[in-house]
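Asker: This is the structure, below, for whatever I ask next.
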Amino acid sequence: MGQTHIVVRRLCTVMIQLLMLAVTVFAQQQEVEFVPPQDIALVWAKRIALLMIVVAITLILHTLIFHRHRLMEHRAKWFLFVGICVLPIPALFVSIGVGLEQSKDVTFCNSCHTMDPFFDDMNNMSSPTLAALHYRNRYIQREHCWTCHSDYGIFGTAEAKMDGLKHVYRYTFRTYRLPIRMRHPYDLSICLNCHAESALFRRPRNDPEAHEGVLESVLKNEMSCLTCHELAHPPGEERSGQ
């Protein structure tokens, strides 16, 4: 028995070593990719909302199972009140906040198939559109669609969210027409929020005087960025069949 125990132990040791070696080789073969840092506030908001939901469900189930014959008692009423009326309210608002924040992500915008032409163009390395240019050069680090389609400040955020809800409604009930178009001219001041103070805007490399007087003309709506640059997205005829 003693020799058998020693053999088994050695076999287990060898198997563990082989497994560790396999894991090491597999890890070395994997490509190292950069993972963008997560929004800590968003992560904790998710956890808090989930915790409140779990606690609420636990209180309700505990009361219905262990106090089912004493539901009129003071403790049972409090458990049900907290589980049904108190915890769900903050959990709901936190969840709504998380959902609104996650709606800024590019993948959320592409969840509607009408956005496929825009998303495909943005990922096209040879596309000359402004959206593709900004995306592949990462002029905007994250929330690419949101950054260009929402103005700064509380009112800009609220307006963008309201427009987003309208888009969801139209997509759900199929009340849109292809190719989709903007309801009003694009506000070029959104472009200037990033570009107006940049060194490359004030003195472009190829022609330092190319933007001379452009800022004032754009602010007065006398010219557009598209006067000189490519379209922001593919033209309508290229996305009408989606």
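Asker: At a 10 angstrom cut-off on C-beta neighbours, averaged per residue, how do the peptides 200-209, 103-112, 134-143 rank from highest to lowest?
Answerer: Result, highest mean Cβ count within 10 Å first: 103-112, 134-143, 200-209.
Asker: Give me the aspartates and glutamates in straight-line cross-link reach of LYS104: C-alpha distance below 14 Å, same-chain residues under 8 apart excluded.
Answerer: Cα-Cα hits under 14 Å: ASP39, GLU143, ASP151, GLU159, ASP163.
Asker: Can you give the three extents of the C-alpha atoms in the chain along their principal axes, from longest to shortest, in whole Å?
Answerer: 87, 65, 39
Asker: Could I ask something else about it? Accessible area per residue, 1.4 Å probe, Å², for the chain: what's the number?
Answerer: Here the per-residue accessible area is 77 Å².
Asker: Can you tell me the dipole magnitude for the chain around its Cα centre, using point charges on the Cβ only (Lys, Arg +1; Asp, Glu -1), in Debye to the nearest 20?
Answerer: Approximately 1560 debye in magnitude.
Asker: Leaving out ligands, DNA and RNA, and with a 1.4 Å probe, what % of the accessible surface on the chain is carbon or sulfur?
Answerer: 64 percent
Asker: For GLU101, GLU237, write out the residues from largest to smallest accessible area, computed with a 1.4 angstrom probe and no ligands counted.
Answerer: Details: GLU101 60, GLU237 140 Å².
The ranking, largest first, comes out as GLU237, GLU101.
Asker: Sticking with this structure for a sec: Divide by every residue of the chain the summed helix terms, -39500 (n - 2.57) for each DSSP H run of at least 4, and state the resulting mean residue ellipticity at 222 nm, rounded to the nearest 500 deg cm²/dmol.
Answerer: Rounded to the nearest 500, it is -17500 deg cm²/dmol.
The values are calculated or read from the model by the stated rules, or taken from the named source; none is laboratory data. This is a predicted model, so every value here is computed, not measured. We place every Cβ from the backbone using ideal geometry, glycine too, and count neighbours over all the protein chains shown. Only protein heavy atoms, including side chains, enter the accessible area calculation; ligands, DNA and RNA are left aside. Shrake-Rupley method; radii C 1.70, N 1.55, O 1.52, S 1.80 Å.
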